[in-house]
Structures are given as structure tokens and as C-alpha cells.
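Working notes, structure below.
The values are calculated or read from the model by the stated rules, or taken from the named source; none is laboratory data. Given the structure is predicted, the values throughout are model-derived calculations rather than measurements. Note that each Cβ is placed from the backbone with ideal geometry, even for glycine, and that neighbours are counted across all protein chains shown. Ligands, DNA and RNA are excluded from the accessible area calculation, which covers all protein heavy atoms including side chains. Shrake-Rupley method; radii C 1.70, N 1.55, O 1.52, S 1.80 Å.
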Amino acid sequence: MYISITGLKYKGLAKTLRFWFFTIPAFASAKKAKGNLFAEAKKVGEYQHTLTAWKTRDDMMNYIHDKYHSRAMKQFSSIGSGSTYGFEAEEIPSWESALKIWKENFNLQK
């Protein structure tokens, strides 16, 4: 299965509201997407995270082209800074494990 974890740090209150405007439909779409096994969101420190699990990487890639996800990603750099990391796994990691992997592979997008 393919795991994806994203962390985004907002650039202020107005950007936080904009984030939620685009993220709520994108996250709802992810939960319904073909091949999605798991989707949760969690705020940890200054970062808002999403953790998703997909049957295959191709399933996740198909979701990336979904209209709601595409709209949200176009706003990513204007809303905040952060990074997404994906990897293959045998099981869905705990939040603790996923966050550790994300931090080890953090790549700040500006």
C-alpha cells in the first residue's frame, strides 16, 4: 500500500481560513476516492497534517488529479509552507510513526 503524509504551516489567520476553504472539499474527496483505505487530519504543533493510505500509488496519483485536490494544491504555497512525503508500507502507520517519517524526510516547499 502507499502512504502519504503532508504537513502545512499556515502564513497567518487569513491564510488559515483560505486553507480550510480548499481543504475540506479535497479531504472529503480523498475519503471517497477509489483505492483510499484511510484518511485522517491532525494538527501537531504549528503544522496541519493529513495522513492517507491507498491500495496502490496509482490510486493516490489518480486522486491527485481530482478537481478538488488540484484546486487545493494550487493554493499550497500561498497559504503556507510545508511538505508531502509518500512511501510504500505493509500496514497503515500510527500517527507517531508517520510523523517521525515525515520529519526525517521533510522538504520545505516555498
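Straight-line cross-link partners of residue 34 among the lysines, defined as a Cα under 19 Å from its Cα and at least 8 positions apart when in the same chain: 55, 67.
Show me the three semi-axes of the equivalent ellipsoid for the range 2-67, from the C-alpha gyration tensor (sqrt of 5 times each eigenvalue), largest first, rounded to whole Å.
Values: eigenvalues 103, 34, 15 Å².
Semi-axes from the Cα gyration tensor: 23, 13, 9 Å.
Pull up the cross-link candidates among the aspartates and glutamates for residue 31, meaning alpha carbon to alpha carbon under 18 Å and not fewer than 8 places away within one chain. Partners within reach: 40, 58, 59, 66, 91. Of the residues 55, 9, ranked by 1.4 Å probe accessible area with the largest first, the sequence reads 55, 9. Normalised by the number of residues in the chain, the average gap of Cα pairs under 8 Å and 6 or more apart makes the relative contact order 40 percent.
If we count every other residue with Cβ under 13 angstrom of residue 86's Cβ, Lys/Arg +1 and Asp/Glu -1, where does the sum land?
Numbers: positive: 57; negative: 58, 59, 88.
Around residue 86, the surrounding residues sum to -2.
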